[in-house]
Amino acid sequence: MQQSECGIFPLDDALEMILIFDQFGIISYANREAEKNLEYDGGLCGRNIAEIFPGSFKVQGGILKTDYPFGRDLQKLVAYRRNFTCFPVEARILSADVEEKTYICMANITLEKDHLSREISEVREQARQALKVKSEFVANVTHELRTPVNGVLGHVRELSGQEEDERKLRTLKVIERCCDDMNKIINNILDFSKLEAGKFTLETRRFHMRDMLDYVKANHMNKITEKGLEFFMTVSPQVPEYIIGDELRIQQILNNLLSNALKFTSVGKITLEVLKTAQVKDRVELFFIVIDSGIGIDEGEMGKLFQSFSQVDASISRKYGGTGLGLNICKQLAELMGGRIGVESRKGRGSAFSFSIWAGVDSQENETVSRADTVTADFFANRQNQQDSARVYGSSENKEALNRTLSKLILCVEMENWEKAEMFMETLRQLTEGAPREVSRVVLRLKMAVQKENYDKVTAGFEELKAFLQA
Ligand code: ADP
């Protein structure tokens, strides 16, 4: 126990200022911290609380007046020292003794805290300004770079048209490819800086979904064939013919994922699947999966993939090039379109990049395909909430559910996740109950292949079943 100027209190050593006063505002106790900070040197007792907090308390005709909200909540007050200088505090004033009508004020100086938070907001503002200036600078420079690159490209193309010498033509082709690559990098940086600066806007219009997908496919077919890879594209029949969305940006994500799949795959195949995973009135959720049988990605590296400038390791960037911006842009674009992006991969076995978006459909489409159930796009989650009609073999819901389950199944098999594959196999079995005998047989063979973890037999069964479903 310590001896204070006006009594004995265990509060003397408290780290906050403590003042006790009566209904007239007369202070009967002040701890050391209060005496020290208010610079009264032991003279606080007998003073009036209104001298300390003149902004909140007043004495009129000997009566203490205040609109201070007594209670546990912290209030911001200004405390005055003896020499009339002041400092901010956070205080709570409680009724200490109802009968005696005494009050206790506990206050902490917030000068440092206020100063610190002012500094933090100043630094934040400076950083925001710096980022804005940087983004604008990057956007301007990249924009300016485009003109000369396109100028070179135009001239090279013109020369290529006139040149007959094989060797020179080859050189011109190399220059042309370099210009194309440079343009891609410029466009990526431009998009990235716009997205970072929050200046990116989507341009939504109605477009033909399959035409767009065919165009994307055609863009990559040459390189796919050059590399001797196989390419499969499956579009679920439930995907609307026309959708209302930003066609160019959907294409951009697909192009990026397909280019990566191509870049990192030297043998095997690349698959693009498109599904409709949910519908709420005239909005549909579309789900895209790009699967490759390429080099795959280490589990530990997967989290970093969608960060800007992130590449798996330096040797990869040396061998395959790239800026590490592509996937970050894809992520930001998918999110702008209300969706998500994700990856499943096995080192040495391949990768599956998937993303979802929400898009509009026109009312006609809506009538033909509308379904009440909303299926989440989590393609690894074995959702069993299909409507009853999905269990009727041959119905359009059943076909869609079968296609979806088959995609999930093959994805698990590609990733050698046999446990999950068995789960989807069971869903597949349930969905094919009541199917013609030849289908049931294929399903049975597929089931055994999955149980035996026989990759070749599973893929053979998958193709067989797919053929039945498309018939
Ligand atoms: P980059 O322009 O460098 O390709 P991305 O953001 O598109 O940038 O990709 C980042 C990194 O992610 C790549 O450098 C690569 O290491 C890894 N990656 C992306 N897609 C694949 C894939 N299909 N297979 C293996 N690794 C991939």
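The values are calculated or read from the model by the stated rules, or taken from the named source; none is laboratory data. Computed from a predicted model, the values in this text were never measured in an experiment. Cβ: placed from backbone, ideal geometry, glycine included. Neighbour counts: every protein chain shown. Ligands, DNA and RNA are excluded from the accessible area calculation, which covers all protein heavy atoms including side chains. Shrake-Rupley method; radii C 1.70, N 1.55, O 1.52, S 1.80 Å.
Among the residues of the stretch 253-273, is any surrounded by 14 or more Cβ atoms within 10 Å (Cβ to Cβ), away from the ligand (no atom under 14 Å from the Cβ) and not small (G, A, S)? First the steps, then the outcome.
Restricting attention to the stretch 253-273, the residues satisfying the condition of being surrounded by 14 or more Cβ atoms within 10 Å (Cβ to Cβ) are 253-265, 268-273.
Those still in the list that are away from the ligand (no atom under 14 Å from the Cβ) too: 273.
Adding the requirement that they be not small (G, A, S) leaves 273.
Scanning the stretch 253-273, I find at least one residue that is surrounded by 14 or more Cβ atoms within 10 Å (Cβ to Cβ), away from the ligand (no atom under 14 Å from the Cβ) and not small (G, A, S), so the answer is yes.
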Worksheet item: Is there a residue in the stretch 345-355 that is away from the ligand (no atom under 11 Å from the Cβ) and farther than 18 Å from E196 by Cα?
Response: yes
Fill in: Every pair of residues 6+ apart whose Cβ atoms lie under 6 Å, when the first sits in the stretch 336-353 and is on the phi > 0 side of the Ramachandran plot while the second is of a type in the set (S, T, N, Q) and surrounded by fewer than 22 Cβ atoms within 10 Å (Cβ to Cβ)
G350/S293
Worksheet item: How many residues are in contact (Cβ under 8 Å) with a residue 12 or more places away in the chain, open to solvent by 50 Å² or more (accessible area, probe 1.4 Å) and out of contact with any strand residue (DSSP E or B) (no Cβ under 8 Å at 6 or more places or on another chain) when one looks only at the stretch 52-83?
Response: 3
Discussion item. Quick check on this structure: which one of I186, I243 is buried (at least 18 other Cβ atoms within 10 Å of the Cβ) and assigned to a strand (DSSP E or B)?
Written reply: I243
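Confirm whether Y215 is over 20 Å from V343 (Cβ atoms), in the same structural domain as Q332 (by TED's automatic domain parsing), away from the ligand (no atom under 16 Å from the Cβ) and free of Cβ contacts under 8 Å to residues at least 60 places away in the same chain.
Details: over 20 Å from V343 (Cβ atoms): yes; in the same structural domain as Q332 (by TED's automatic domain parsing): yes; away from the ligand (no atom under 16 Å from the Cβ): yes; free of Cβ contacts under 8 Å to residues at least 60 places away in the same chain: yes.
Yes.
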Discussion item. I'd like to check something: does the stretch 201-208 contain any residue that is in a helix (DSSP H, G or I) and among the charged types (D, E, K, R)?
Written reply: no
Discussion item. Suppose we keep only residues that are free of Cβ contacts under 8 Å to residues at least 24 places away in the same chain and more than 16 Å from L469 (Cβ to Cβ) within the stretch 418-436. Which one would you say is most open to solvent (accessible area, probe 1.4 Å)?
Written reply: E419
Worksheet item: Name the residues in the stretch 306-340 that are at pLDDT below 85, near the ligand (Cβ under 8 Å from one of its atoms) and in a helix (DSSP H, G or I), would you?
Response: I316, S317, Y320
Discussion item. Every residue in the stretch 246-283 that is modelled with pLDDT under 90, in a loop (DSSP other than H, G, I, E, B) and not charged (D, E, K, R), please.
Written reply: S266, V267, G268
Worksheet item: Checking G303 against (1) more than 8 Å from the ligand (Cβ to nearest atom); (2) of a type in the set (G, A, S); (3) at pLDDT 85 or above, which test does it fail?
Response: (3)
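In the stretch 86-95, what count of residues is obtained for those that are over 12 Å from G25 (Cβ atoms) and either open to solvent by less than 60 Å² (accessible area, probe 1.4 Å) or not assigned by TED's automatic domain parsing to the domain that holds E33 (or both)?
Going residue by residue through the stretch 86-95, those that are over 12 Å from G25 (Cβ atoms) are 86-92, 94-95.
Now drop any that are not either open to solvent by less than 60 Å² (accessible area, probe 1.4 Å) or not assigned by TED's automatic domain parsing to the domain that holds E33 (or both), which leaves 87-91, 94.
Total meeting the criteria: 6.
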Worksheet, complete the sentence: Per the list (1) over 25 Å from the mean Cα position of the chain (by Cα); (2) over 27 Å from K408 (Cβ atoms), residue check on K217 breaks on (2)
